[in-house]
Amino acid sequence: MVKNVHETVVEPTTKQKKSSLFKQTMKRLFTNKGAVIGLVVFLIIVFLSVFAPLIAPYGYTDMDIASRFAAPSKDHLFGCDSMGRDIFSRILYGGRYSLQIGIIASGCAAIMAVFIGSAAGYFGGKVDNALMRILDVIQAIPGMLLSIAISAVLGNGLYETIIALAIGNVSTMSRILRGSILTVRKSEYIDAAVVDNSSNLRIIRKHILPNSISPLIVQITMGCAHVILVAASLSFIGLGVQPPEPEWGAMLSAGRSYIRDYPHMTLFPGIAIMLTVLSLNLLGDGLRDALDPKQKR
């Protein structure tokens with residue numbers, strides 16, 4: 001007597017699929033040496049900035065007139081500035097301002113871009129036309145000039161700088177997400193969701209965004225590096241974060257008058273900016289390849 005054995009095939013759940021996709025992405029990311037180096041360097045910078053009060057040997061406002069313009073030494077690793085303040089301590093504290101500006105401004109720009117890009121890409125037609133024309137007007141103004149104009153209107157300070165830089169990055173992120181959504185919108189599973197009478201909000205949230213967000217994630221990482229550079233530029237010309245706060249761009253501005261005689265005043269803040277931007281760019285390149293293996297060379 002032969003018994004029929006019925007095998008039950010259990011399909012992976014949505015959580016399992018997402019977990020598997022996440023693991024594959026992380027695996028591809030960690031096989032990219034450049035991305036790993038970028039991630040490690042960036043995490044070290046974040047760690048040093050977060051724990052600056054515990055690591056810094058001096059307060060960022062502590063002045064020692066006898067040590068004015070002191071060269072790098074055992075007591076002052078990066079030397080002192082024109083007011084006798086320890087540059088190493090100020091760079092550690094300054095990372096808090098520069099990283100806050102980069103991360104928060106990029107995050108706020110991304111949130112606005114999700115709403116604008118999703119509406120433009122999914123609905124199309126007049127909605128897309130209206131939103132894209134508004135973004136055209138914003139993008140017609142050079143990014144640096146737009147940030148300067150907004151900073152001049154809002155005033156100087158940390159949060160004013162964040163708002164100015166966030167607005168300046170919305171257009172690029174919105175266009176990237178819109179382009180990705182236009183491709184995904186033609187997929188069969190979107191048509192199936194429409195036939196199933198799913199609401200537009202549910203389709204965007206459950207089907208559109210999860211499958212089109214990858215380019216935006218890469219742009220957020222690289223946009224953060226760009227924002228840090230622009231923030232340093234604003235502080236360098238007197239806008240943005242104001243003294244005595246130790247923002248890296250403001251430190252560069254304070255040291256430019258003494259660059260020939262005391263180059264350490266500009267050298268170390270410049271290296272801090274360079275390492276941060278480089279690490280984010282390396283990480284962004286790695287994320288691009290990990291999230292879209294077709295682009296991997």
Among the candidates LEU165, LEU158, LEU177, LEU135, residue that is at pLDDT below 85 and of a type outside the set (S, T, N, Q):
LEU158
Tell me the residue from ILE141, ILE134, ILE148, ILE181 that is under 23 Å from the mean Cα position of the chain (by Cα) and surrounded by fewer than 19 Cβ atoms within 10 Å (Cβ to Cβ), please.
ILE141
Residue under question is TYR122, and the condition is that it be touching a residue at least 40 places away in the same chain (Cβ under 8 Å), hydroxyl-bearing (Ser, Thr, Tyr) and over 17 Å from GLY238 (Cβ atoms); does it hold?
yes
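Results for (1) over 22 Å from ARG288 (Cα atoms); (2) surrounded by fewer than 21 Cβ atoms within 10 Å (Cβ to Cβ); (3) modelled with pLDDT of 85 or more; (4) touching a Phe, Trp or Tyr at 6+ places or on another chain (Cβ under 7 Å), shown as yes or no for each residue.
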{"residue": "ALA192", "(1), (2), (3), (4)": "yes, yes, no, no"}
{"residue": "VAL195", "(1), (2), (3), (4)": "yes, yes, no, no"}
{"residue": "ILE208", "(1), (2), (3), (4)": "no, no, yes, yes"}
{"residue": "ILE213", "(1), (2), (3), (4)": "no, yes, yes, no"}
{"residue": "ALA225", "(1), (2), (3), (4)": "no, no, yes, no"}
{"residue": "ILE237", "(1), (2), (3), (4)": "yes, yes, no, no"}
{"residue": "GLY240", "(1), (2), (3), (4)": "yes, no, no, no"}
Would you mind finding the one in ALA109, ALA56 that is modelled with pLDDT of 90 or more, small (Gly, Ala, Ser) and closer than 23 Å to MET251 by Cβ?
ALA56
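Test ILE101 against the criterion of being part of a helix (DSSP H, G or I), β-branched (Val, Ile, Thr) and free of Cβ contacts under 8 Å to residues at least 60 places away in the same chain, and give yes or no.
Working: part of a helix (DSSP H, G or I): yes; β-branched (Val, Ile, Thr): yes; free of Cβ contacts under 8 Å to residues at least 60 places away in the same chain: no.
In short, no.
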Contact list please: Cβ distance under 9 Å, first residue in region 58-79 and assigned to a helix (DSSP H, G or I), second residue loosely packed, with under 15 Cβ neighbours inside 10 Å and at pLDDT below 90, pairs at least six apart or on different chains.
SER67/ASP75
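The rows are residues; the columns are (1) within 17 Å of the chain's Cα centre (by Cα); (2) of a type in the set (A, V, I, L, M, F, W, C); (3) over 15 Å from GLU160 (Cα atoms).
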| position | (1), (2), (3) |
| --- | --- |
| LEU229 | yes, yes, yes |
| GLY238 | no, no, no |
| ALA250 | no, yes, yes |
| THR266 | no, no, yes |
| GLY270 | no, no, yes |
What are the residues in region 197-229 that are hydrophobic (A, V, I, L, M, F, W, C) and out of contact with any Ser or Thr (no Cβ under 6 Å at 6 or more places or on another chain), if any?
LEU201, ILE203, ILE208, LEU209, ILE213, LEU216, ILE217, VAL218, MET222, ALA225, LEU229
Can you go through VAL46, VAL50 and tell me which one is under 20 Å from ILE228 (Cβ atoms) and either hydroxyl-bearing (Ser, Thr, Tyr) or touching a helix residue (DSSP H, G or I) at 6+ places or on another chain (Cβ under 7 Å) (or both)?
VAL46
Matching entry among ALA193, ALA231 (being hydrophobic (A, V, I, L, M, F, W, C) and touching a His at 6+ places or on another chain (Cβ under 9 Å)):
ALA193
Check on MET265, closer than 28 Å to CYS80 by Cα, assigned to a helix (DSSP H, G or I) and in contact with a strand residue (DSSP E or B) (Cβ under 9 Å, 6 or more places away or on another chain):
yes
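Does SER279 satisfy the condition of being in contact with a Gly (Cβ under 6 Å, 6 or more places away or on another chain) and of a type in the set (S, T, N, Q)?
Yes, satisfied.
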So SER118 ticks every box in (1) farther than 30 Å from THR276 by Cα; (2) among the polar types (S, T, N, Q); (3) at pLDDT below 85 but one. Which box is left unticked?
(3)
Does ILE176 satisfy the criteria of being under 21 Å from LEU239 (Cα atoms) and either among the aliphatic types (A, V, I, L, M) or surrounded by fewer than 15 Cβ atoms within 10 Å (Cβ to Cβ) (or both)?
no
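The values are calculated or read from the model by the stated rules, or taken from the named source; none is laboratory data. This one's a predicted model, so the numbers in the text were calculated from it and none came from an experiment. All Cβ positions, glycine included, derive from the backbone under ideal geometry; neighbour counts span all protein chains shown.
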